[in-house]
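The values are calculated or read from the model by the stated rules, or taken from the named source; none is laboratory data. The structure displayed is predicted, hence computed values, not measured ones. All Cβ positions, even for glycine, are placed from backbone atoms using ideal geometry, and neighbour counts span all protein chains on display.
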Amino acid sequence: MQLDELYREVILDHNKHPRNFGRLDPHDAEAKGHNPLCGDRLTVTVLREGDRVTDIRFEGNGCAISMASASMMTEAIKGRDRAAIETLFQQMHALLTGTGSASADLGKLASLAGVREFPARVKCATLCWHTLNAALARSDAVPASVSTE
Amino acid sequence: MNAPRVPVPGSLSNAAYEQRLRDAIMDSAPLLNARTLPVGVRSAALNKALAAGLPQLRDDLWRYADLRYLASAALGPAAPAAADVLAAAATPLLPARLAGYTRLVFVNGRLLADLSDPCPELDLGAPPLVPDRTRHERFGWLNDAFATDVARLAVRAPLRLEIIFAAVLGIGRDADHPRLEITLAAQAGLVLVERHLGSVGPEGFINAATQVHAGPGSQVQHLRWQQLGDDAQFLDTTQIALDRDAQYAFALLQLGARSARTSLRASLYGAGASLQLHGVSVTGGKHSLDHSLLVDHLAPHTASSQVFRAIARDQARIACRSRVEVQAGRRITRGPVAEGTGRQPAGRDRPAATAGNPYRRRARRAWRHHRRAGRQHAVLSTFARTGPGHGPRPAGMGIPGRRRPRHRAAGVAWRRRAAPGLGAGQQCCPGDIAVTALHSVGGTAFDVEAVRRQFPILAQQVNGRPLAYLDNGASTQRPQAVIDAVDHYETHLHANVHRGVHTLSQLATDAFEGARERVRRFLNAASTREIIFTRGTTEAINLVAQSWGRSNLGPDDEVIVSALEHHANLVPWQMMAAATGARLRVAPIDEQGQLRFEAFLALLNPRTRLVAMTHVSNALGTVVPIQRVIDAAHHAGVPVLVDGAQAVAHLPVDVRALAADFYCFSGHKLYGPTGIGVLYGRADLLDAMPPWQGGGDMIRTVSFEGATWNDLPYKFEAGTPNMTGAIGLAAAMDFLEALGPDEAAAHEHRLLTAATAALMRIPGVHIHGTAEEKAAVLSFTLKGVHPHDLGTILDHEGVAIRAGHHCAMPLMELLGLPATARASFACYNTMAEVEQLDLAVRRAAEVFH
């Protein structure tokens, strides 16, 4: 396993220049995620139209994997409805845990495939997804929180 | 004043000397210009020189110096002369320029701007370094009084400097008092060539003084080259003070001089400071050269070495006397030992313990520690000389009339070595080559490869690279001796303890209780009743919190912790505070990660019931001045619990010397197994505490109505104990003692210093925790790279470190960091691994550019 398969250019780029970084105000839903193992913290804010996520931003700090994963996630899910996001998450989860392969749907997200060779880092990549799920599970704007441990 | 000329050689009485000085004072006032030392300093110095008088033969440090010629010398300042006269006289003497060096030329004490380069570091107006001199440095006082232009330098950036002190005596008064004062800022570097040359007549007298203060991490290479001709009398007083991790290499080249004397005193007052002294003296005729060196190791992990070579022809004499004192930490890594000592009356060679010395208590404690270990090298003095009747003798024979040293310190021995071609014991005087004093590393030098061979786990590869295990703060590896002890117990001795009448149970009990005795000895506790086995530090602290806390804490009572605490020394107290209504107070730290002691003192108040504090910070490596904490707390009548998890493998711990009330540590951070730890508690405190867990071993009698408790220590050991762990821990303590805890700690500190220096050179690296006194823990961050990514990349390069909050989240929050990367060293780590760490961090910086 080569290091550059984990730290691909696209991941390093998203880490250095995260897309959709910041906070949506006002927002329809918010959730905070925390990985106590490495101290990564994320806050996701979402604007919805019915079932569809029209806008999303995230803020926080963490390792390159968690930052890049969150950045790419926000790009991938913007405009999608809940069911499509759930499907994407399932595919992502399968990819990261090594039980599935990259499908065309994943697009750029597939660049995170290298993480599965580093079991200690899988939680870094999934933190944003768990946080997003927690945000979408709520019908009000009261912040939810999730911890990956 | 025209100095009265006395025939040479003459003798000078103290009264005459005093008179000469008085005359010089009267004469000198108008001659000194504004660029000299302040008048107050000068007159105080003269008074001191007068009071000290002339050195006597009975002054041990002066008996080999030849001062007869002083009678004929002028002692006051050099007479003023026009700069062009001085320049004309000095120019033919000046050597070729050294390429790349800034040159400064002083002639008869005057800075000659025309012959010198511009030098922004030279600041004639800067405040002088007013030295603190001893009676033996009386000629330094003379210099304080009579120096004219002072080469006063403040070095901040790397500098190569050539300073020429030329004496063209005979133009005016026949004395010169060259003076050099250097202050190096932190991390500054200086290469200094100091040349003393001149044309000096029989009455010439040069009295030089040098003060150097080297700041933290600074480096100096200093060559002093004395070549003043066969008529010169040269006296020199040098003081060197080295701060943390400062490195000073001093080479002395001494050619000729009718009489020369070097007095050098070095204070290594910052941890990690090191000093190398090298000297070559060559003379002939009836000349006499004398060196008197004093190296004072005030801080731990300081190192010094000395190599002097002397070549005396004809009737010449050369003497070299050296004294090395170790006042604190006493981790001499290199230093001369007594060979032919005996000048110290028995019992006198204790560390100097003067009031007001911040190291006094530690010095005493360390002294006791060394006494127990059978070592005595608090003061090492050595002496070698050559001249008629002083040919070399076989190494180790010592000097006639002096008894052999009883102890040989670790590290280095002074040897008198025969000249090439001369057999041992052969006389060579009056010969051409006489004494060579040199150091050699003794058999006790730390052999890290031999240590590594005892740890089978280290001989493996990770990700195709040799494992560099630098996560010792989390857990250390086990030596074969521990693995074998555990194996032996499980193969041959295991049964339940304290129960059976059968043989095996008795054997197991003996082994287990033997381990308890081993721990008692390790901590120097008074009794095995005070040694309670726990699962680890965490359980030990919980035991005290639950048992002592529950019965001693009430609403509004206070427990003081520090901002450095591991969660294990926070959460148990938070839980107990919630249960009892007590409050937790946090003693703050400064930006270097050191306990702010005054703020801690301010927290002590009549509501304070306990101080619970770490000995060494696991996240930053800070060594907390726990002795001072304990003293202050006891002064306020408050007991102290010490979390020693990170300390025991790296510092000598003596619970009775510390007067700790509770001391907790874990086996697996001490090269022992996991699942075993120790609570030391003072017997009277433990006696008064209720048990915290019920079950087997902790009871004496049980009925259905109630129970009575067993004696200490069993009262606190409910259930079948971890016999395997205890036996492994005892073996680990044996291992550490055999290794030499001081040598191991010094080795670890060298690794820490090297790693710190290496990482600081990498752009973007920030070191967190820069306490004066640190254990071998290096917490750092790399800009733009999260510690977790750093951890993964380093692992890929075979380097195991910890990345995260180190179970000290409040501390991380205080530092404003989500996490840091932490490399922590143990006795088996090597410089190669430090290099591997350096390269791996550079690789990480590359990956993330």
>> Which condition from (1) within 14 Å of another protein chain (Cβ to nearest Cβ); (2) assigned to a strand (DSSP E or B); (3) surrounded by 18 or more Cβ atoms within 10 Å (Cβ to Cβ) is the one that A:His14 breaks?
In response: (2)
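Residues checked against (1) assigned to a helix (DSSP H, G or I); (2) more than 20 Å from A:Cys38 (Cα to Cα):
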position	(1), (2)
A:Val53	no, yes
A:Ala84	yes, yes
A:Ala94	yes, yes
A:Gly100	no, yes
A:Ala120	yes, no
A:Leu127	yes, no
A:Asn133	yes, yes
A:Val146	no, no
>> Looking only at region A:54-101, filter to residues that are touching a residue at least 40 places away in the same chain (Cβ under 8 Å) and small (Gly, Ala, Ser); which one of those is surrounded by the most Cβ atoms within 10 Å (Cβ to Cβ)?
In response: A:Ala70
> Looking at (1) of a type outside the set (Phe, Trp, Tyr); (2) away from chain B (no Cβ under 14 Å); (3) within 19 Å of A:Phe21 (Cα to Cα), can you tell me which one A:Met67 breaks?
Replying inline: (2)
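In this structure, does B:Leu507 turn out to be free of Cβ contacts under 8 Å to residues at least 24 places away in the same chain, among the aliphatic types (A, V, I, L, M), assigned to a helix (DSSP H, G or I) and assigned by TED's automatic domain parsing to the domain that holds B:Pro721? Can you show your working first?
Details: free of Cβ contacts under 8 Å to residues at least 24 places away in the same chain: yes; among the aliphatic types (A, V, I, L, M): yes; assigned to a helix (DSSP H, G or I): yes; assigned by TED's automatic domain parsing to the domain that holds B:Pro721: yes.
So B:Leu507 passes the test.
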> Could you count how many residues in region A:44-53 are surrounded by 17 or more Cβ atoms within 10 Å (Cβ to Cβ) and either within 14 Å of chain B (Cβ to nearest Cβ) or charged (D, E, K, R) (or both)?
Replying inline: 1
> In region B:219-258, which residue that is buried (at least 23 other Cβ atoms within 10 Å of the Cβ), at pLDDT below 90 and small (Gly, Ala, Ser) is farthest from B:Ile318 (Cα to Cα)?
Replying inline: B:Ala246
>> Given (1) surrounded by fewer than 23 Cβ atoms within 10 Å (Cβ to Cβ); (2) in the same structural domain as B:Leu651 (by TED's automatic domain parsing), identify the lone condition not met by B:Ala732.
In response: (1)
> Restricting to helices (runs of 4 or more DSSP H) lying wholly in region B:567-649: which have 2 or more residues that are under 25 Å from the mean Cα position of the chain (by Cα) and closer than 29 Å to B:Gly675 by Cα?
Replying inline: B:626-635
>> Anything in region B:34-72 that is modelled with pLDDT of 70 or more, buried (at least 21 other Cβ atoms within 10 Å of the Cβ) and of a type in the set (Gly, Ala, Ser)? List them, or say none.
In response: B:Ala45, B:Ala49, B:Ala65
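Report whether or not B:Leu759 is away from chain A (no Cβ under 14 Å) and either of a type in the set (Val, Ile, Thr) or under 30 Å from B:Thr534 (Cβ atoms) (or both).
Numbers: away from chain A (no Cβ under 14 Å): yes; either of a type in the set (Val, Ile, Thr) or under 30 Å from B:Thr534 (Cβ atoms) (or both): no.
It is false that B:Leu759 is away from chain A (no Cβ under 14 Å) and either of a type in the set (Val, Ile, Thr) or under 30 Å from B:Thr534 (Cβ atoms) (or both).
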> Can you name every residue in region B:118-134 that is among the hydrophobic types (A, V, I, L, M, F, W, C) and modelled with pLDDT of 80 or more?
Replying inline: B:Cys119, B:Leu122
> On the given criteria, is B:Gly675 under 26 Å from the mean Cα position of the chain (by Cα) and on the phi > 0 side of the Ramachandran plot?
Replying inline: no
> In region B:777-832, how many residues are out of contact with any Gly (no Cβ under 7 Å at 6 or more places or on another chain), part of a loop (DSSP other than H, G, I, E, B) and facing another protein chain (nearest Cβ under 8 Å)?
Replying inline: 0
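Against the condition within 19 Å of B:His615 (Cβ to Cβ), among the hydrophobic types (A, V, I, L, M, F, W, C) and assigned to a helix (DSSP H, G or I), how does B:Ala746 come out, does it pass?
Working: within 19 Å of B:His615 (Cβ to Cβ): yes; among the hydrophobic types (A, V, I, L, M, F, W, C): yes; assigned to a helix (DSSP H, G or I): yes.
It is true that B:Ala746 is within 19 Å of B:His615 (Cβ to Cβ), among the hydrophobic types (A, V, I, L, M, F, W, C) and assigned to a helix (DSSP H, G or I).
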